[in-house]
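So the structure is just underneath, and the comments pick up after that.
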Amino acid sequence: MLSLSSIVPLLILCLLVVQLVRLQFQRRHYPPGPTPLPFIGCLWNPRFFQLRRELLTELSKIYGNIFTVWFGPYPVIILHGFRAVKDGLTTHPEDVSGRPLFPFYKALANNKGILLSTGRTWKQQRRFSMTSLKSLGLGKSALEYEIQDEAERLVEAFRKSEGKPMNPHFFLNLSISNVICALVFGHRFSTEDETYHHLLEAIETIFRASDSIAGNLYNVFPGIMQWVPGPHLKAFSSCGFVQAFIREEIKKHQEADPGEKQDFIHLYLDEIEKVKNQSKSSYDEKNMVQCIFDLFLGGTDTSATTLYWALLYMVLYPDIQAKVQKEIDTLLTPGQSICYEDRKKLPYTNAVVHEIQRFGNIISIGMPRRCIRDTKIQKFHIRKGSTFFPNMASALYDPNEWETPLTFDPNHFLDKDGNFICPEAFIPFSLGHRACLGENLAKTELFLFFSNLVQTFNFHLAEGSKDIKIEPIWGGTLKPHSFDICAIPR
């Protein structure tokens, strides 16, 4: 007669066999990929806890440009290379416009706002946000003046360093975020405002955790990870701080006379009033808070990090810095404010800005998508509810699209006559229905901030930063390792 001690292992073995067989049947409905194990999927290999560019490139050579990786019991389809990414996001864009509600995303946003929401909520919030940003000056000269003003303030902040070693990250973050503040709150914040400093630190904390090992484990084992200390819990705490900050700003708007100047909060409060009797409306304070949260999240750290890389590349490639300065000095009137339209006169400078975005590749893999109906990507039939990642890095480094993808070279964006060109594979803002809604704002910011800084200063690495690593620090955005520079007035 079998004892209890022998029955339990036998039952566990049977369960594992059943799960293994079940997995094999499930795998038939997805593109090929590395073999998953019951319950843990591909996490038997520690390399799968974070999907690095090198790992995905290796897998694409084995399984092709569309393959499946299992995170625990959850299959995730990877689109690798520009053609696969483009086909996946643009052939049937409506089919792939969903966002999977991973436990980590749900804990942060609970299907509210723009960035981490899906379905009707996402459609309404994105449509309203795009319309509101346009009415507030997005793509118009009024907003460009705001950006020019912040660029001038940034130049003055650098000038105060008097050529001594400084870390530019804080000043870049502050200037970029104040552009969003002007749109959302109707005012900017002082560089001395401690609460505002905490806000920016909280946003960075959230970004660091969003693609950390702890954050990925939370998606697979949320019931366990909610009790385990780590960056994911710090992110949730930071999220609460940011939301409280936003609610306080909303309260100030509700109590004050709106006057003539409008901002995003005014427009959203008006919309809530208009639809208050509609039962299916998603316009409420929770969605307003999350939309503002998303605008900060998507519009602050991303552009500031890109500019951080920009300054690093300029000190690492002084010949490129000198060529940008020569072009600006030659083709623009001395002392005249640089405007976004000037990019057409400055093809090399424009090419450098684009190459910074391509080579810096701050988002790496990109945000996940969810199929809202059965669809087809190239030769694969993808079922409704499937989750996939369009690997943006693989498009920006695709050797079939770029002559020297792993080299920083502005010539990727210049023709043989030195005219600016933008290759089709340049997609840092993604494609399809969920492409970045702040793309035009980011383009204007990057060009104006970068060109004003390089026009005004010669940048050199400070003595203590000579051995700076070019490899990024992994997180929601890929940041360079901390470095100090000297900004020498020209």
**OP:** Quickly run through region 309-350 and pick out the residues that are open to solvent by less than 10 Å² (accessible area, probe 1.4 Å) and either touching a Pro at 6+ places or on another chain (Cβ under 7 Å) or more than 21 Å from Leu414 (Cα to Cα) (or both).
**Re:** Trp309, Leu311, Leu312, Ile338
**OP:** Report, by residue number, each residue of region 424-439 that is outside any loop (DSSP other than H, G, I, E, B), buried (at least 18 other Cβ atoms within 10 Å of the Cβ) and not charged (D, E, K, R).
**Re:** Gly432
Original post:
If the Cβ limit is 7 Å and pairs must be 6+ apart or interchain, which residue in region 45-62 that is under 16 Å from Leu478 (Cα atoms) pairs with which residue that is open to solvent by 30 Å² or more (accessible area, probe 1.4 Å) and β-branched (Val, Ile, Thr)?
Top reply: Gln50/Ile213
Subject >> Answer residue from region 218-275, given it is among the small types (Gly, Ala, Ser) and in a helix (DSSP H, G or I) and is nearest to Pro103 (Cα to Cα) among those >> reply: Gly223
Subject >> The one condition in (1) within 20 Å of Thr306 (Cβ to Cβ); (2) out of contact with any Leu (no Cβ under 9 Å at 6 or more places or on another chain) that Ile362 fails to fulfil >> reply: (2)
Original post:
Of the residues Ser282, Ser303, which single one is crowded, with 22+ Cβ neighbours inside 10 Å and of a type in the set (S, T, N, Q)?
Top reply: Ser303
**OP:** Evaluate region 107-117: report whether one residue or more is open to solvent by 40 Å² or more (accessible area, probe 1.4 Å) and of a type in the set (Val, Ile, Thr).
**Re:** no
Original post:
Name the pairs whose Cβ atoms lie under 7 Å apart, with the first residue in region 239-268 and within 20 Å of Ser129 (Cβ to Cβ) and basic (Lys, Arg), the second modelled with pLDDT of 85 or more and part of a loop (DSSP other than H, G, I, E, B), and 6 or more positions between them or separate chains?
Top reply: Lys261/Gly186
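When region 198-208 is examined, which residues are found to be farther than 16 Å from Glu249 by Cβ and open to solvent by 10 Å² or more (accessible area, probe 1.4 Å)?
Step one: filter region 198-208 for residues farther than 16 Å from Glu249 by Cβ, giving 201, 204-208.
Glu201, Glu204, Thr205, Phe207, Arg208 - these are the residues of region 198-208 that are farther than 16 Å from Glu249 by Cβ and open to solvent by 10 Å² or more (accessible area, probe 1.4 Å).
For the condition over 21 Å from the mean Cα position of the chain (by Cα) and on the phi > 0 side of the Ramachandran plot, what is the one hit in Gly464, Gly418? Talk me through it step by step, then tell me what you get.
Values: Gly464 fails: on the phi > 0 side of the Ramachandran plot.
The match here is Gly418.
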Subject >> The one condition in (1) under 30 Å from Phe48 (Cα atoms); (2) open to solvent by less than 40 Å² (accessible area, probe 1.4 Å) that Pro229 fails to fulfil >> reply: (2)
Original post:
Thr305 fails exactly one of the following numbered conditions: (1) within 18 Å of Ser129 (Cα to Cα); (2) in a helix (DSSP H, G or I). What is the number of that condition?
Top reply: (1)
Original post:
Across region 75-97, what is the number of residues that are open to solvent by 10 Å² or more (accessible area, probe 1.4 Å), closer than 16 Å to Phe429 by Cα and under 19 Å from the mean Cα position of the chain (by Cα)?
Top reply: 1
Original post:
Got a sec? Which helices (runs of 4 or more DSSP H) wholly within region 99-162 have at least 1 residues that are touching a residue at least 12 places away in the same chain (Cβ under 8 Å), polar (S, T, N, Q) and more than 25 Å from Tyr340 (Cβ to Cβ)?
Top reply: 119-135
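What number of residues in region 163-182 are assigned to a loop (DSSP other than H, G, I, E, B) and open to solvent by less than 20 Å² (accessible area, probe 1.4 Å)? Step through it out loud before you land on a result.
Restricting attention to region 163-182, the residues satisfying the condition of being assigned to a loop (DSSP other than H, G, I, E, B) are 163-165, 167-168.
Cutting the leftovers down to open to solvent by less than 20 Å² (accessible area, probe 1.4 Å) gives us 163, 168.
Residues meeting the conditions: 2.
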Original post:
Lys286 versus (1) assigned to a loop (DSSP other than H, G, I, E, B); (2) within 25 Å of His198 (Cα to Cα): which is the lone unmet condition?
Top reply: (1)
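When the residues of region 363-382 are narrowed to those that are open to solvent by less than 20 Å² (accessible area, probe 1.4 Å) and assigned to a loop (DSSP other than H, G, I, E, B), which ends up nearest to Arg28 (Cα to Cα)?
Of the residues in region 363-382, the ones open to solvent by less than 20 Å² (accessible area, probe 1.4 Å) are 364-366, 368-369, 371, 375, 377, 382.
Next, only the ones that are assigned to a loop (DSSP other than H, G, I, E, B) stay: 364-366, 368, 371.
Values: Ser364: 29, Ile365: 25, Gly366: 26, Pro368: 22, Cys371: 18 Å.
The qualifying residue nearest to Arg28 (Cα to Cα) is Cys371.
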Original post:
What number of residues within region 383-408 are farther than 11 Å from Phe359 by Cβ, touching a helix residue (DSSP H, G or I) at 6+ places or on another chain (Cβ under 9 Å), open to solvent by 10 Å² or more (accessible area, probe 1.4 Å) and assigned to a loop (DSSP other than H, G, I, E, B)?
Top reply: 4
Subject >> Verdict on Ile328 being in contact with a helix residue (DSSP H, G or I) (Cβ under 7 Å, 6 or more places away or on another chain), of a type outside the set (Gly, Ala, Ser), at pLDDT 95 or above and more than 30 Å from Ser364 (Cβ to Cβ) >> reply: yes
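The values are calculated or read from the model by the stated rules, or taken from the named source; none is laboratory data. What you are looking at is a predicted structure, and each value in this text was computed from that prediction instead of being measured. As a convention, Cβ positions derive from the backbone with ideal geometry for all residues, glycine included, and neighbour counts pool all protein chains shown. Heads up: the accessible areas ignore ligands, DNA and RNA and are worked out on the full protein's heavy atoms, side chains in. Shrake-Rupley method; radii C 1.70, N 1.55, O 1.52, S 1.80 Å.
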